[in-house]
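J.: Sharing a structure with you now.
Rule-based calculations on the coordinates, nothing more; no lab input. Because the structure is predicted, anything quoted here is derived from the model rather than measured. We place every Cβ from the backbone using ideal geometry, glycine too, and count neighbours over all the protein chains shown.
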Amino acid sequence: MKPTVAPFPAARLRRTRVTPAIRGLVRQNTLTTDDLIWPVFVRDGEGIEEPVSSMPGVLRRSVDKIAEAAVEAQALGIPAICLFPYTDAALKTEDCAEAWSPDNLCNRAIRAIKAVAPDIAVMTDVALDPYNINGHDGYVVDGEILNDETVEALVKMSLAQAEAGADIIGPSDMMDGRIGAMRSALEAAGHRNVSILSYAAKYASGYYGPFRDAVGASGALQGDKKTYQMDPGNSDEALRLIERDLQEGADMVMVKPGIAYLDICYRVKSTFGTPTFAYQVSGEYAMIQAAAQNGWIDGEKVMLESLMAFKRAGCDGILSYFAPQTARILNG
Ligand code: PBG
């Protein structure tokens with residue numbers, strides 16, 4: 001009997017991997033500097049760059065240093081920078097009024113960046129946790145996180161940020177109805193071109209630990225965020241949240257954390273085809289850095305591979321603490 005199959009493999013898939021040129025030719029996804037949003041931490045003072053111990057390589061910067069960092073990011077071709085304030089404990093109150101003060105750290109940083117790096121988009125975080133005595137994203141009364149009262153405060157906060165010059169408002173609080181409320185308030189105040197990038201599918205995650213240290217909220221946090229952030233066991237709910245936020249006027253949506261939630265990124269992008277972002281959060285960054293520092297992984301390789309994974313999953317961009325390091329590599 002003659003063999004019915006040819007004596008060579010019918011499909012040599014290895015042919016498309018044979019040289020760097022051919023691999024480049026067939027590669028479906030690419031990572032570019034255009035994909036990056038750089039989250040940074042702002043603190044009080046002047047001339048200060050202080051390391052965040054749980055996030056090796058990440059600094060808390062005073063406003064003047066943030067402005068310098070924005071100039072550098074703009075030169076690297078990073079399209080957006082996202083501000084997170086480390087607020088002095090003395091400014092944290094029950095009503096969180098510092099959140100909408102025109103001169104709070106975040107708003108001062110926006111103006112300082114706009115003065116020296118007008119072409120980089122400035123994104124903000126909207127939630128009460130940096131200003132709240134109990135570390136929660138919303139008002140807490142008798143152990144309950146109040147939704148509608150919190151939304152009112154968040155609207156004031158987003159207006160103050162838009163007033164200071166923010167290009168993209170990033171509500172990370174997970175209250176219901178906040179996108180619609182912010183959109184109408186922004187429109188009414190004439191901020192028609194200020195975008196909203198909603199942290200629409202944000203999970204109650206252990207991966208945020210180092211961030212809470214970075215913004216000084218970890219000691220303050222009482223309890224957990226499970227009544228407003230999503231349950232890691234759910235995925236259909238993420239689609240409902242995204243759909244709702246888009247209907248309320250979100251221009252872009254985010255899935256957070258990133259690498260453990262690539263299935264969500266994929267479903268969101270394939271269902272809605274809307275600008276979709278992932279947040280490679282502090283814990284993901286810290287894990288890669290820790291393993292790299294121990295010599296257990298090649299940090300640079302894993303960094304680039306992890307960012308590519310978001311592109312493959314359908315994301316249009318990634319918030320990553322690795323943004324400047326990545327841009328330097330991509331720029332050659
Ligand atoms: C707060 C906020 C958090 C992050 C971004 N905005 C923490 C939280 O929800 O507790 C986490 C970012 C990170 O871990 O890098 N609303």
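J.: So for the pair Gln247, Glu46, with labels modelled 7 Å out along Cα→Cβ, what separation do we get in nm?
T.: 5.2
J.: Roughly what would the spin-label model give for Ala115 and Leu146, points 7 Å off Cα along C-beta, in nm?
T.: Between Ala115 and Leu146, the simple spin-label model gives 3.7 nm.
J.: Can you compute the FRET efficiency between Thr32 and Gln293 using 1/(1 + (r/R0)^6), with r the Cβ-Cβ distance and R0 = 45 Å? Round to the nearest 0.05.
T.: 0.95
J.: Separation between the Arg192 and Glu300 pseudo-spin-labels, each 7 Å from Cα along Cα→Cβ, expressed in nm?
T.: Here the answer is 4.8 nm between the modelled labels.
J.: Let me ask something else about it. Measure nothing fancy, just the Cα-based angle from helix 178-188's long axis to the longest principal axis of the chain, in degrees from 0 to 90, nearest 10.
T.: With both axes taken from Cα atoms, the answer is about 70 degrees.
J.: Exactly which trypsin sites (Lys or Arg not before Pro) in segment 246-332 are in a DSSP loop and have at most 11 other Cβ atoms within 10 Å?
T.: Passing sites in segment 246-332 do not exist.
J.: Where the only charges are on Cβ atoms (+1 Lys, Arg; -1 Asp, Glu), what is the dipole of segment 31-330 about its Cα centre, to the nearest 20 debye?
T.: It comes to approximately 660 debye.
J.: If you take the square roots of the eigenvalues of the alpha-carbon gyration tensor of segment 152-241 and sort them as a ≥ b ≥ c, do you get rounded (a/c under 1.5), prolate (a/b over b/c) or oblate?
T.: Cα axes put segment 152-241 in the oblate bin.
J.: Next question, about the same structure. If the only charges are +1 at each Lys and Arg Cβ and -1 at each Asp and Glu Cβ, what is the size of the charge dipole of segment 175-332 around the Cα centre, to the nearest 20 debye?
T.: It works out to roughly 160 debye.
J.: Considering the dipole of the chain built from charges on the beta carbon (Lys and Arg +1, Asp and Glu -1) around the Cα centre, which of Val151, Cys106, Ser270 is farthest to its positive end?
T.: Going by the charge dipole, the pick is Ser270.
J.: Another question, then. Between helix 105-116 and the chain, what is the angle of the helix's C-alpha long axis to the longest principal axis, kept within 0 to 90° and rounded to the nearest 10?
T.: Long axis of 105-116 versus the principal axis of the chain: about 60 degrees.
J.: Once you've got the GNM for the chain with C-alpha springs shorter than 10 Å, pick whichever of Asp95, Asp125, Asp236 has the biggest mean-square fluctuation.
T.: Per the Cα network of the chain with a 10 Å cutoff, Asp236 tops the list.
J.: Next question, about the same structure. Can you pull out the trypsin sites (Lys or Arg not before Pro) in segment 1-103 that DSSP calls coil and that have at most 11 other Cβ atoms within 10 Å?
T.: Those that pass, being in a loop and sparsely packed, are Arg12, Arg27.
J.: Could you state the angle between the C-alpha long axis of helix 299-312 and the longest principal axis of the C-alpha atoms of the chain, as a value from 0 to 90 degrees rounded to the nearest 10?
T.: Approximately 90 degrees, to the nearest ten.
J.: All other residues with a Cβ under 12 Å from the Cβ of Gln229 taken together, and with Lys, Arg as +1 and Asp, Glu as -1, what is their net charge?
T.: Here the charged neighbours net out to -2.
J.: Any idea how many Lys pairs in the chain come in under 20 angstrom at the alpha carbon, given 8 or more places apart or on separate chains?
T.: Number of lysine pairs found: 14.
J.: First select every other residue whose beta carbon is under 10 angstrom from the beta carbon of Ile196; then total the charges, Lys and Arg +1, Asp and Glu -1.
T.: Around Ile196, the surrounding residues sum to -1.
J.: Additional query: Towards the positive end of the charge dipole of segment 31-330, with charges on Cβ (+1 Lys, Arg; -1 Asp, Glu), say which of Pro130, Val255, Phe211 has the farthest Cα.
T.: Most positive-ward Cα: Val255.
J.: Determine the shape class of segment 97-142: with a ≥ b ≥ c the square roots of the Cα gyration tensor eigenvalues, call it rounded for a/c under 1.5, and otherwise prolate if a/b is greater than b/c, oblate otherwise.
T.: Prolate.
J.: In addition: What is the set of long-range amide H partners of Ile37 at a cut-off below 5 Å, with H atoms built 1.01 Å from backbone N?
T.: Result for Ile37 returns Ile318, Leu319, Ser320.
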